[in-house]
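Just below is one structure, and these are the notes that go with it.
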Amino acid sequence: MTAEIITTKALHLWYGAESKNGAVVGGQHALKGIDIGIPARQITALIGPSGCGKSTFLKTLNRMNDLVPGVHIEGNICFDGQDIFDKTIDITWLRKQVGMVFQKANPFPMSIYDNVAYGPRTHGIRSRSELDGIVERALRDAAIWDEVKDRLKKSALGLSGGQQQRLCIARALDNEPEVLLMDEATSALDPISTAKIEDLAVALKEKYTVVMVTHNMQQAARVSDKTAFFLLGELVEFGDTDQLFNMPQDKRTEEYITGRFG
């Protein structure tokens with residue numbers, strides 16, 4: 001049985017709420033009592049209609065929602081057995097261990113090399129040989145090294161959309177995280193670039209845990225080991241991808257994957 005690298009218990013999240021006398025007042029209840037165990041070195045897909053809480057849930061896993069004003073969170077998230085909301089947790093450390101790739105590629109306006117070296121430099125690495133090794137490893141892990149190795153000093157903004165997204169994946173991998181979060185990382189890409197990212201995700205699970213939000217159910221069926229179906233802030237069903245798509249246990253899951261709503 002595969003070990004769970006992230007677990008959540010009774011996880012609730014509200015946007016724009018207030019806490020009064022120990023109770024949560026007002027706001028939008030975006031996550032409602034999420035209990036899930038995400039297995040290590042597998043791909044877990046999060047599916048569901050727009051506004052169901054998928055991306056909100058993903059962003060709680062490395063506390064990106066801390067950056068949103070008025071967010072109130074209750075419940076527990078453990079990463080490698082540690083409570084990520086514990087006051088002793090270093091948020092910078094957490095986000096190094098649980099990296100994120102966003103829907104829209106966001107390379108920095110600098111060279112390909114400097115994009116990937118940016119994170120290690122901010123963490124104090126100055127040795128050119130060490131940076132060279134980190135950059136090459138991250139670009140290789142992101143399956144883009146052969147395409148860019150002869151133009152590392154050229155601007156990253158000159159890359160195609162699919163290449164820019166793989167560069168952003170390389171940037172997320174340069175700190176050797178344990179978990180890679182992907183928030184609809186292929187939704188803005190053409191089919192060829194999408195296929196490359198999907199192949200990359202499958203390759204990455206040899207070394208990393210991947211959690212991906214996708215609107216594309218065919219993509220979830222193709223690449224993921226586990227699938228979680230969210231609806232109106234609730235986790236309706238979670239299990240092996242083949243079983244969830246072929247023998248869903250909940251009628252709402254069946255209705256969603258057969259296209260009756262969403």
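A short reminder: the numbers here are calculations on the coordinates, not readings from a lab. Because the structure is predicted, anything quoted here is derived from the model rather than measured. All Cβ positions, even for glycine, are placed from backbone atoms using ideal geometry, and neighbour counts span all protein chains on display.
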Debye-sum result for the range 77-125 in log10 I(q)/I(0), which assumes one identical scatterer on each alpha carbon, at q = 0.14, 0.20 Å⁻¹: -0.51, -0.84
Can you figure out the FRET efficiency of GLU18 with PHE85, using R₀ = 22 Å and their beta-carbon distance, to the nearest 0.05? 0.70
In nm, to one decimal, how far is the modelled label at SER129 from the one at PHE102, with both set 7 Å along Cα→Cβ? 3.7 nm
Given the candidates ILE91, PHE57, VAL101, the one whose Cα lies deepest towards the positive end of the charge dipole of the range 40-125, counting +1 at each Lys or Arg C-beta and -1 at each Asp or Glu C-beta, is VAL101
Take the Cα of LYS251, step 7 Å along the line toward its Cβ, and report every residue of the range 208-237 whose backbone nitrogen sits under 19 Å from that point. 229-232, 234-237
In whole angstrom, and with the biggest value first, how far do the Cα coordinates of the range 3-58 range along each principal axis? 41, 25, 11
Quick one: putting +1 on the C-beta of Lys and Arg, -1 on the C-beta of Asp and Glu, what dipole do you get for the chain around its Cα centre, in Debye to the nearest 20? 680 debye
The Cα radius of gyration of the chain, divided by 2.2 N^0.38 Å with N its residue count, comes to 1.03
With 18 Å as the limit, write out which pairs from LYS205/LYS226; LYS9/LYS32; LYS54/LYS96; LYS104/LYS153; LYS9/LYS54; LYS96/LYS207 have Cα-Cα distances beyond it, or answer none. LYS54/LYS96; LYS104/LYS153
If I build a Gaussian network model for the chain, linking alpha-carbon pairs within less than 10 angstrom, which residue out of PRO49, PRO39, PRO191 has the largest mean-square fluctuation? PRO191
Can you give the net charge of the other residues whose Cβ lies under 15 Å from the Cβ of THR8, counting K and R as +1 and D and E as -1? -1
Going toward the positive end of the dipole of the range 116-239, with +1 on Lys and Arg Cβ and -1 on Asp and Glu Cβ, which of SER187, TRP145, LEU200 do you reach last? TRP145
Work through the residues other than ALA221 whose Cβ is under 14 Å from its Cβ and net out their charges, Lys, Arg +1 and Asp, Glu -1. -2
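Sorted by mean Cβ packing within 10 Å, highest first, what order do the peptides 84-92, 153-161, 60-68 take?
Output ranking for 84-92, 153-161, 60-68: 60-68, 153-161, 84-92.
Based on DSSP H runs of at least 4 residues, each adding -39500 (n - 2.57), what is the mean residue ellipticity at 222 nm of the chain after dividing by all its residues, to the nearest 500 deg cm²/dmol?
For the chain, the value works out to -9500 deg cm²/dmol.
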For the range 157-212, fraction of C-alpha pairs farther apart than 15 Å, in %: 45 percent
Express the Stokes-Einstein translational diffusion coefficient of the range 121-199 in µm² s⁻¹, to the nearest whole number, given a Kirkwood radius over alpha-carbon pairs, 4 °C and a viscosity of 1.567 mPa s. 97 µm²/s
Taking only complete DSSP H runs, can you tell me which helices of the chain stretch 30 Å or more along their own long axis by Cα positions and average at least -0.5 on the Kyte-Doolittle scale? none
Rounding to the nearest 20 debye, state how big the charge dipole of the range 111-262 is about its Cα centre with +1 on each Lys and Arg Cβ and -1 on each Asp and Glu Cβ. 620 debye
Below 8 Å, C-alpha to C-alpha, sequence gap of six or more: please give me the relative contact order for the chain in percent. 26 percent
Sorted from largest to smallest, which semi-axis lengths in Å does the alpha carbon gyration tensor of the range 31-132 give for its equivalent ellipsoid, taking the root of 5 times each eigenvalue? 29, 18, 14
